[in-house]
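The next block holds one structure in the form of structure tokens; read it before the comments.
The values are calculated or read from the model by the stated rules, or taken from the named source; none is laboratory data. Computed from a prediction, not measured in an experiment: that's the story for all the values here. Here the Cβ positions follow ideal geometry from the backbone for every residue, glycine too, while neighbour counts run over all protein chains shown.
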Amino acid sequence: MAEQFIGSMRTTLVDWNSQIAPTEPLSSALKVVSVHQERPWMTTEEAQQTTPEITRGTCHCGAVGWEFRGAIPDATICNCTACRRYGVLWAYEYDGQGIHVDDPSSALTAYTCGSKSLSFNFCGRCGNLVSWRALSPSSNGQTRIAVNLRLADPADVANIRLQRFDGLHSFEDLAPDSRTVADVWF
Ligand SMILES: [Zn+2]
């Protein structure tokens, strides 16, 4: 997968070079490539404009909510035995940092399995999957968490790019393409 990605980057560089005058400094071409590496489908400015600074989601009954502060870089869609059943779209950050989960009535119910390194957390009233959360902190002392973007207003997350993750076999990200959350919403 990494080779395919690097291959597409090389193609971008070669195509761009062929369009510039011989006197044009190479740094101009490299600048364009670095933007493409960050988000091949759009410029950084475009990505910031299409993602609100704070994104919120709530479960169907409204008992549990989450807040994601800052731009959401991508939505992970995963084919592991759990995620494919949930049909979930994950946005990752750290608990209490980028992500805050609000559960005032303690409606969340945790499900753990396998190595018991993380929990999937559901609203006990309406059954919606709200988050997964690491059961122990990362090396930086913060706890990894992800929230389900399907609980957000569709318009707020429609333009977030999809990051396909092969959680079933290779356990690696797949090469990015142009699809966004809107492409898998229905
Ligand atoms: Zn609920």
For the stretch 163-178, state whether one or more residues are of a type in the set (Asp, Glu), more than 19 Å from ASN79 (Cβ to Cβ) and touching a strand residue (DSSP E or B) at 6+ places or on another chain (Cβ under 9 Å). no
Mind checking whether some residue in the stretch 146-155 is acidic (Asp, Glu) and under 24 Å from GLY62 (Cα atoms)? yes
Here are some conditions: (1) out of contact with any strand residue (DSSP E or B) (no Cβ under 7 Å at 6 or more places or on another chain); (2) assigned to a loop (DSSP other than H, G, I, E, B). ARG150 meets all but one. Which one does it not meet? (2)
Number of the exception - GLY141 against (1) more than 19 Å from ILE54 (Cα to Cα); (2) touching a strand residue (DSSP E or B) at 6+ places or on another chain (Cβ under 9 Å): (2)
Residue check for SER136: within 16 Å of the ligand (Cβ to nearest atom) and part of a loop (DSSP other than H, G, I, E, B): no
What are the residue pairs meeting all of these: first residue in the stretch 172-183, first residue assigned by TED's automatic domain parsing to the domain that holds ASP74, second residue among the aromatic types (Phe, Trp, Tyr) and not in a loop (DSSP other than H, G, I, E, B), Cβ atoms under 6 Å, and 6 or more apart or on different chains? ASP173/PHE165; ALA175/PHE5
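Could you please give the count of residues in the stretch 59-112 that are assigned to a loop (DSSP other than H, G, I, E, B), more than 15 Å from the chain's Cα centre (by Cα) and of a type in the set (Val, Ile, Thr)? Even if it seems obvious, please write down each step before you answer.
Step one: list which residues in the stretch 59-112 are assigned to a loop (DSSP other than H, G, I, E, B), which gives 59-64, 70-74, 79-82, 87-89, 96-98, 103-107, 112.
Add one more test, that the residue is more than 15 Å from the chain's Cα centre (by Cα), and what stays is 59-64, 80-82, 96-97, 103-107, 112.
Applying the additional criterion that residues be of a type in the set (Val, Ile, Thr) yields 64, 81, 112.
Residues meeting the conditions: 3.
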Scope the stretch 98-122; condition surrounded by fewer than 13 Cβ atoms within 10 Å (Cβ to Cβ) and of a type in the set (A, V, I, L, M, F, W, C); matching residues: CYS113
Flag for ARG125 being modelled with pLDDT of 95 or more and either surrounded by 17 or more Cβ atoms within 10 Å (Cβ to Cβ) or not assigned by TED's automatic domain parsing to the domain that holds GLY167 (or both): no
Test: ASN159 is touching a Ser or Thr at 6+ places or on another chain (Cβ under 6 Å), part of a loop (DSSP other than H, G, I, E, B), away from the ligand (no atom under 16 Å from the Cβ) and not hydrophobic (A, V, I, L, M, F, W, C): yes
